[in-house]
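Contents: one structure, followed by commentary.
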Amino acid sequence: MRRHTLLAACAVATGALALTACGTTEPAADGAKKSSAALTLTDASGKEVKLDGPAKRVVGTEWNVVEHLVTLGVQPVGVSDVKGYGIWNQSAPLTGAKEIGTRGEPSMDTIASLKPDVIVTTTDLPAAAVKQLRDVAPVLQVRSADSADQIGQMTENLDLIAEATGTTDQAEQVKKDFDAKLAEGRKALADAGLDGTEIAFADGYVTSNQVSLRPYTGTSLIGTVNERLGLKNAWTAEGDKDYGLASTDVEGLTKLSKDAQFAYIGNKDDAASDPFAHELKDNAVWKSLPFVKSGAAHRLPDGIWMFGGQASMSAYVDAVVDALSK
């Protein structure tokens, strides 16, 4: 997972403009075979993206945009690291997508062979790669994350992709369903007397036998969702400006409140993704932590992508409510 997650979590989209889903329509040229009006959209890079009509053949280079597409009912024809997506994002399953390479280095030749109407990517992808993609097909960039307003950014991305694919009605339903899920989760926690519970969500990974941990602060997507559920983020560290992530080690966990609940997501298909159950299992510091001793360390189900869209976050709501309510 780390080569997947670190790309998403550590890339810095410097200079990325606030994404504006401001689409306009233009009449199709005389004799054009397109049945729908042409579209002009402004993406996160500030560029105008012109499409002949709502895109049908779509390539996605990053998992969050792929999730948005699938959630909107658009199965992309090409996706980066199809196997990894299937392991880490089970909330919006793929059907028949062709492998186009890695998320950081998509194959231009493979993408070109798919003849996409549009390529949806993020501001995390290197500028040189984006430039090459623009020679293949129109490219629509979104900003993957924004610690100032994670849910707002996620929603803007959904809306822009929906506009590009002619699925705005589906987007409205996705947003309504997500709002309802947040309200349902908040009520369930309040009814269980858990309103205001402190929670620390983190993930961990192992590199060269060294364990590193990443706190998801209150400005992360999961941290923001937790707060919408009426929970209190237990981390005091400051997260990065995009993803709201920090870094620590097992000793850093001793700074958490003694009343804090702890939650994380690992994956059975990625041995390096669950140091809590493996490398730290017999660690004296880990075993001494109040939430470990009290049984308040919760491994949430596999397949919930921590940097995903409404589908992943809805699955997270169900998972965390279930874990805390037991």
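The values are calculated or read from the model by the stated rules, or taken from the named source; none is laboratory data. Keep in mind the model is a prediction, meaning the values are calculated, not measured. All Cβ positions, glycine included, derive from the backbone under ideal geometry; neighbour counts span all protein chains shown.
Quick rundown of the values:
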{"quantity": "Qualifying position, being in the same structural domain as LYS47 (by TED's automatic domain parsing) and over 30 Å from GLY218 (Cα atoms), among VAL142, VAL66, VAL70, VAL77", "calculated": "VAL77"}
{"quantity": "Those residues of region 97-109 which are part of a helix (DSSP H, G or I) and surrounded by 15 or more Cβ atoms within 10 Å (Cβ to Cβ), in sequence order", "calculated": "MET108"}
{"quantity": "Members of region 78-92 found to be out of contact with any helix residue (DSSP H, G or I) (no Cβ under 7 Å at 6 or more places or on another chain) and surrounded by fewer than 24 Cβ atoms within 10 Å (Cβ to Cβ), listed by number", "calculated": "VAL82, LYS83, GLY86, ILE87, GLN90"}
{"quantity": "Residue tally, condition assigned to a loop (DSSP other than H, G, I, E, B) and either in contact (Cβ under 8 Å) with a residue 24 or more places away in the chain or within 14 Å of ARG186 (Cα to Cα) (or both), over region 222-243", "calculated": "10"}
{"quantity": "All strands (runs of 3 or more DSSP E) inside region 22-86 with 2 or more residues being at pLDDT below 95", "calculated": "24-26"}
{"quantity": "Unmet requirement for SER288, which otherwise passes all of (1) free of Cβ contacts under 8 Å to residues at least 60 places away in the same chain; (2) small (Gly, Ala, Ser); (3) under 22 Å from SER147 (Cβ atoms); (4) out of contact with any Gly (no Cβ under 6 Å at 6 or more places or on another chain)", "calculated": "(3)"}
{"quantity": "Entirely in region 114-218, the strands (runs of 3 or more DSSP E) that have 2 or more residues that are in contact with a helix residue (DSSP H, G or I) (Cβ under 6 Å, 6 or more places away or on another chain) and either more than 15 Å from ARG228 (Cβ to Cβ) or of a type in the set (S, T, N, Q) (or both)", "calculated": "118-122, 139-142, 198-207"}
{"quantity": "Any hit, region 78-96, residues being in contact with a Phe, Trp or Tyr (Cβ under 7 Å, 6 or more places away or on another chain) and more than 20 Å from TYR316 (Cβ to Cβ)", "calculated": "yes"}
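Yes/no matrix, rows are residues, columns are (1) touching a Ser or Thr at 6+ places or on another chain (Cβ under 6 Å); (2) among the hydrophobic types (A, V, I, L, M, F, W, C); (3) in contact (Cβ under 8 Å) with a residue 24 or more places away in the chain:
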position: GLY84; (1), (2), (3): no, no, yes
position: ILE151; (1), (2), (3): yes, yes, yes
position: LEU158; (1), (2), (3): no, yes, yes
position: ASP191; (1), (2), (3): no, no, no
